[in-house]
Amino acid sequence: LAETLRRMLSAQVADVISATNATLRAHAPQDAAAVRSLPPLVQFTPPMRKQATALKRFLFAALYRHPQVAHTTSQARDVVRTLFAAYADAPQQLPEEHRLAHEQIGLRAVADYIAGMTDRFASREYTRLTARPAFEAR
């Protein structure tokens, strides 16, 4: 799977570079104003665009909208909402650096702190603050 993904991405990158070079040669813009007046310069070739569209459709149907993924995503949203509410209600739970930032910029500091968390750390914090597991098996 990893090798297949690597090859697919490499093919897409090579295609977009090649197509963009060809478009730049064809239009030869001289300045930023000329670039703005042209159609998009960075793009796939039509065959690669067709393949990329088919891949996106497949990934949305088979992966992104898969029931298990949707369930996990829902649980992750709950973790983030719960962490935000817990830290907003009790900023003393934040590490000192973020507590000081909270005093200066308010809830933005809470959002920034959560945004910087790894999934594992967010899960541990959720459990520490709520005494419940962050993710339950379905």
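Structure notes:
- Single residue of region 73-82 satisfying the filter (out of contact with any helix residue (DSSP H, G or I) (no Cβ under 7 Å at 6 or more places or on another chain) and open to solvent by less than 50 Å² (accessible area, probe 1.4 Å)) that is nearest to GLU136 (Cα to Cα): GLN75
- All positions within region 15-40 that are closer than 23 Å to ALA52 by Cβ and surrounded by 11 or more Cβ atoms within 10 Å (Cβ to Cβ): ASP15, VAL16, ILE17, SER18, ALA19, THR20, ASN21, ALA22, THR23, LEU24, HIS27, LEU38
- Between ALA85, ALA70, ALA115, the distinction of being modelled with pLDDT under 95 and loosely packed, with under 15 Cβ neighbours inside 10 Å belongs to ALA70 only.
- For region 92-110, taking the residues that are closer than 19 Å to ARG124 by Cβ and open to solvent by less than 40 Å² (accessible area, probe 1.4 Å), the one that is farthest from the chain's Cα centre (by Cα) is identified as LEU94.
- For region 58-91, a residue qualifies if it is over 18 Å from the mean Cα position of the chain (by Cα) and within 30 Å of PHE44 (Cα to Cα), and the qualifying residues are PHE58, ALA61, ALA62.
The values are calculated or read from the model by the stated rules, or taken from the named source; none is laboratory data. Since this is a predicted model, take the numbers as computed values, not measurements. A quick note on method: Cβ atoms are made from the backbone with ideal geometry, for glycine too, and the neighbour counts reach across all protein chains shown. Quick note on the areas: whole protein, heavy atoms, side chains included, nothing else; ligands and nucleic acids left out. Shrake-Rupley method; radii C 1.70, N 1.55, O 1.52, S 1.80 Å.
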